[in-house]
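The values are calculated or read from the model by the stated rules, or taken from the named source; none is laboratory data. The structure displayed is predicted, hence computed values, not measured ones. All Cβ positions, even for glycine, are placed from backbone atoms using ideal geometry, and neighbour counts span all protein chains on display.
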Amino acid sequence: MGSTNARNLAPSTYPITAGTYSYSKWVKGNWSGTFTRIENLQFWMSSSGTGYVTGETLKVSATTTGYAGTGTYVAPTTSADAQCVAAMPIADPTAANIGIGGSLTGSLVAAGASDFIVIQASVTTAASAGATQQKEFRLQYDEV
């Protein structure tokens with residue numbers, strides 16, 4: 001996460017200014033090869049290093065209720081991204097929170113992709129200067 005729209009960016013080169021948002025990141029799961037059915041997509045932050053620093057939060061499009069789907073890519077923004085409606089889960093949500101085809105009950109029976117997972121960092125003016133902890137995310141799914 002950083003103050004430029006690039007993958008594999010160096011956060012120290014593109015820091016997020018206190019009181020602003022990072023560029024939103026748009027990612028999705030892709031499946032190929034042979035499988036019967038992919039469903040029940042669950043996305044969460046599996047590790048936050050030693051946790052959030054003061055003033056740091058992550059928002060995401062992943063939600064188990066009121067899911068609107070994000071199948072159409074929109075240019076990332078540094079203002080509050082309307083797709084990022086929920087706090088980043090910090091444990092397995094135990095139910096689908098990312099859809100396929102705009103629905104949490106959607107599934108794939110051939111090569112394809114999930115809806116976009118949109119992630120954005122917010123850094124308030126309460127944050128002190130310096131790096132935050134590296135985050136790790138997990139996308140879990142059922143293959144049936």
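Brief remarks follow.
- Yes/no for Gly112 being of a type in the set (Gly, Ala, Ser), closer than 25 Å to Arg7 by Cα and touching a residue at least 40 places away in the same chain (Cβ under 8 Å): yes
- Looking only at segment 7-41, and only at residues there that are closer than 17 Å to Arg138 by Cα and in contact with a Ser or Thr (Cβ under 7 Å, 6 or more places away or on another chain), the one that is surrounded by the most Cβ atoms within 10 Å (Cβ to Cβ): Leu41
- Considering segment 123-142, the residues that are closer than 22 Å to Glu39 by Cα and not acidic (Asp, Glu) include one that is surrounded by the most Cβ atoms within 10 Å (Cβ to Cβ), namely Tyr141.
- Of all residues in segment 42-64 being under 14 Å from Gln140 (Cα atoms) and among the aliphatic types (A, V, I, L, M), the one that is surrounded by the most Cβ atoms within 10 Å (Cβ to Cβ): Ala62
- Of the residues in segment 65-75, at least one is buried (at least 17 other Cβ atoms within 10 Å of the Cβ) and modelled with pLDDT under 90.
- Boolean, Ser61 is among the hydroxyl-bearing types (Ser, Thr, Tyr) and touching a Ser or Thr at 6+ places or on another chain (Cβ under 6 Å): yes
- Top-ranked residue in segment 110-122 [being in a strand (DSSP E or B) and out of contact with any Leu (no Cβ under 9 Å at 6 or more places or on another chain); ranked as surrounded by the most Cβ atoms within 10 Å (Cβ to Cβ)]: Val118
Here's the yes/no breakdown for (1) among the polar types (S, T, N, Q); (2) on the phi > 0 side of the Ramachandran plot:
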position: Gly55; (1), (2): no, yes
position: Gly66; (1), (2): no, yes
position: Gly71; (1), (2): no, no
position: Asn97; (1), (2): yes, no
position: Thr124; (1), (2): yes, no
position: Ala127; (1), (2): no, no
position: Arg138; (1), (2): no, no
